[in-house]
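What follows is calculated from the coordinates using simple rules that are stated; it is not laboratory data. The shown structure was predicted, so the numbers you read here are calculated from the model rather than taken from an experiment. Cβ sites come from the backbone with ideal geometry, for glycine too, and all protein chains shown count toward neighbours.
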Amino acid sequence: MARAKKQIAKRAAARDERGSDRTVATNRRARREYEFIETLEAGIVLQGSEVKSLREGKAQLSEAYARVDDGEMWLFQMHIPPWQFATGFGAHEPDRKRKLLLHRSQIDELLGKTQQQSLTLIPVSLYFKDGRAKVQLALAKGRRLYDKRNLIMSRDAEREAARATKEINQWSGA
């Protein structure tokens with residue numbers, strides 16, 4: 001009995017050390033192609049085999065987007081591959097649309113912003129928080145090619161300035 005309690009305590013300590021928040025997938029391309037205006041967290045409705053696949057770290061957000069349909073928020077084109085042990089009735093369709101859980105006021109606010117200002121809802125990351133799957137959505141505006149170029153040029157200029165100051169500090173201190 002004592003050995004079982006030690007094992008349970010050891011597992012609990014490892015879980016606390018690891019943390020309950022674990023990122024499954026991120027949309028790296030979204031940061032390059034869109035300018036984020038605001039972000040929010042939404043729950044997601046999943047089937048059992050989808051949760052198992054996500055716990056293995058398998059999901060793709062690169063082509064995904066969110067949209068309001070019939071007063072409900074839905075996530076489209078997010079790919080969760082089938083769990084390898086789910087067959088027949090337990091399997092799920094990989095690219096099905098998935099319902100997002102938001103308050104009615106949040107849905108209405110996002111619907112108004114996307115229709116009036118031509119903004120897009122992009123999933124930025126998919127993660128587990130306290131054992132529940134969550135999606136971080138960003139209200140974003142698409143970047144044009146010249147915006148991307150300006151962003152790259154400013155980032156390069158900042159790097160050059162940091163290198164120069166580091167070099168000056170290195171030689172002045174010696």
If every Lys and Arg gets +1 and every Asp and Glu gets -1 at its Cβ, then about the Cα centre the stretch 63-174 yields a dipole, in debye to the nearest 20, of 160
Options [x] -0.22, -0.80, -0.92; [y] -0.25, -0.88, -1.00; [z] -0.40, -0.93, -1.00 for log10 I(q)/I(0) by the Debye sum over Cα atoms at q = 0.08, 0.15, 0.16 Å⁻¹; the value derived from the coordinates is listed as [z]
For the stretch 66-73, in residue order, the Karplus 3J(HN,Hα) values (coefficients 6.51, -1.76, 1.60; θ = phi - 60°; whole Hz; Gly and Pro = x) are 10, 8, 8, 10, 6, x, 10, 8
Once amide hydrogens are built 1.01 Å from N within the peptide plane, the residues lying 5 or more places from H79 or on another chain with amide H under 5 Å from its amide H are Q60
Residues meeting the amide H criterion for V24 (H placed from the backbone, H to H distance under 5 Å, 5 or more places apart or on another chain) are L126, Y127, F128
Phi angles of the stretch 113-122, converted by Karplus (6.51 cos²θ - 1.76 cosθ + 1.60, θ = phi - 60°) into ³J(HN,Hα) in whole Hz with x for Gly and Pro, give 5, 6, 7, 7, 9, 6, 9, 10, 9, 10
The pairs in K5/K129; K5/K134; K97/K129; K10/K134; K52/K97; K52/K99 lying past 24 Å Cα-Cα in this model are K5/K129; K5/K134; K10/K134
Sorted by chain and number, the residues with a modelled amide H under 5 Å from that of Y34, at a separation of 5 or more or across chains, are R143
Applied in sequence order to the stretch 36-51, the curve 6.51 cos²θ - 1.76 cosθ + 1.60 (Karplus, θ = phi - 60°) yields integer Hz couplings, x standing for Gly and Pro, of 7, 9, 8, 10, 8, 10, 9, x, 9, 8, 10, 8, x, 6, 5, 5
Quick calc of log₁₀ I(q)/I(0), the stretch 1-81, Debye, one scatterer on every Cα, no solvent, q values 0.16, 0.26 1/Å, result -0.82, -1.36
Taking R0 as 45 Å and r as the Cβ-Cβ distance between Q115 and E158, the FRET efficiency 1/(1 + (r/R0)^6), rounded to the nearest 0.05, comes to 0.80
Rg/Rh of the stretch 96-160 (Cα atoms, Kirkwood Rh), to two decimals, equals 1.12
The alpha-carbon center of the stretch 54-74 and that of the stretch 120-165 are separated, in whole Å, by 19
